[in-house]
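Asker: I'd like to ask you about the structure that follows.
The values are calculated or read from the model by the stated rules, or taken from the named source; none is laboratory data. These numbers were taken from a predicted model, which means no experiment stands behind them. Virtual Cβ from ideal backbone geometry, glycine too; neighbours counted across all protein chains shown.
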């Protein structure tokens, strides 16, 4: 972000762990990292002619020291006002520097390695546990926009802990999105720091990848099941005929003949495994040229598509191949 007064930004960035304007009261707020740095900030304000007041601020999140927070009315100095507003729009800057200060203060190689391993373990847990994400959800309770993370209820504690290890503040919330009550973890969707944004993008990619892998797995299973179903049908099919009723210009149905004991099984394979919506039908001699009644499966020609026609071709080849093998076994001569 391009700052109008970079020298004031630099002092605020080094000496303050939080800088913000309050548009409701038209006041500015600065929380120093330590009392020493607080003195520097007070001197900068005094040099710019800004009057301020001090209030107890508790312990610094960076140094752990007791600090005094600085409050002042906006409108006293243009450079101070502009820098305060610009830093509030660039929320990633103070948060990023705060994290770096904390890590630098406690740094040692072994601790840093342990921290990285802990963060990687937390990220891995989140990638494997979060089932769904919804972004920019506007909450009905406070009107704010949030990212909702959906996880199994019994994993909420573990996921909360993992987000904490990554220094991301998420909170439990009972969502009624889509008319269904469910406990989610939510994170503010505005002014997201850069490091948090990278984590969120990694989680989004992990969820998408897991969903894509599941779809590929299910598709692969479907292809295997379909091949097995087709192989079984090839062994049971006796013949396939077209039926043309009187007055019809073209055949309207295709009939599949099986042994009577195989009809139910063939119906299940074609209907459920191969997605061919055949119906069970009691055929008579007018349709098949035989005397008596025969149970068959039939399919309207209009319901055939390229995939189904390919399956029918495979079944017809199986019938023809079986016929050739039978003639060979009986000493017959194959005509080519």
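Asker: Are there any helices (runs of 4 or more DSSP H) wholly within segment 71-177 with 3 or more residues that are touching a strand residue (DSSP E or B) at 6+ places or on another chain (Cβ under 7 Å), within 19 Å of residue 18 (Cβ to Cβ) and touching a residue at least 60 places away in the same chain (Cβ under 8 Å), and if so which?
Answerer: It comes to 78-89.
Asker: Please find, within segment 248-258, the residue that is nearest to residue 297 (Cα to Cα) out of those that are without any contact (Cβ under 8 Å) to a residue 40 or more places away in the chain and surrounded by 12 or more Cβ atoms within 10 Å (Cβ to Cβ).
Answerer: My answer is 257.
Asker: If you scan segment 178-207, which residues turn out to be under 18 Å from the mean Cα position of the chain (by Cα), assigned to a helix (DSSP H, G or I) and under 22 Å from residue 158 (Cβ atoms)?
Answerer: 196, 198, 199, 200, 201, 202, 203, 204, 205, 206, 207
Asker: Just to be sure I understand the filter: pairs with C-beta atoms under 9 Å, separated by 6 or more residues or on different chains, first member in segment 276-290 and in the same structural domain as residue 263 (by TED's automatic domain parsing) and closer than 13 Å to residue 258 by Cα, second member assigned to a loop (DSSP other than H, G, I, E, B) and at pLDDT below 80. Which pairs pass?
Answerer: What qualifies is 282/293; 283/290; 283/293.
Asker: Moving on to the next point. From the residues in segment 259-271 that are farther than 19 Å from residue 301 by Cα and surrounded by fewer than 16 Cβ atoms within 10 Å (Cβ to Cβ), which one is modelled with the lowest pLDDT?
Answerer: Here the answer is 260.
Asker: Which ones in segment 243-253 are on the phi < 0 side of the Ramachandran plot and either part of a loop (DSSP other than H, G, I, E, B) or within 48 Å of the chain's Cα centre (by Cα) (or both)?
Answerer: Answer for segment 243-253, where residues must be on the phi < 0 side of the Ramachandran plot and either part of a loop (DSSP other than H, G, I, E, B) or within 48 Å of the chain's Cα centre (by Cα) (or both): 244, 245, 246, 248, 249, 250, 251, 252, 253.
Asker: Could you check how many residues of segment 32-54 are part of a strand (DSSP E or B) and modelled with pLDDT under 90?
Answerer: Result for segment 32-54: 0.
Asker: Which ones in segment 222-247 are in contact with a strand residue (DSSP E or B) (Cβ under 8 Å, 6 or more places away or on another chain) and farther than 13 Å from residue 301 by Cβ?
Answerer: Once the filter is applied, which keeps residues that are in contact with a strand residue (DSSP E or B) (Cβ under 8 Å, 6 or more places away or on another chain) and farther than 13 Å from residue 301 by Cβ, segment 222-247 yields 236, 237, 238, 239.
Asker: Quick check on this structure: which one of 16, 65 is under 23 Å from residue 103 (Cα atoms), in the same structural domain as residue 83 (by TED's automatic domain parsing) and under 39 Å from the mean Cα position of the chain (by Cα)?
Answerer: 16
Asker: Consider residue 275 carefully, then state whether it is at positive phi, surrounded by fewer than 18 Cβ atoms within 10 Å (Cβ to Cβ), at pLDDT 75 or above and within 39 Å of the chain's Cα centre (by Cα).
Answerer: yes
Asker: Quick check on segment 110-119: of everything there that is surrounded by 12 or more Cβ atoms within 10 Å (Cβ to Cβ) and within 23 Å of residue 203 (Cβ to Cβ), which residue is modelled with the lowest pLDDT?
Answerer: 115
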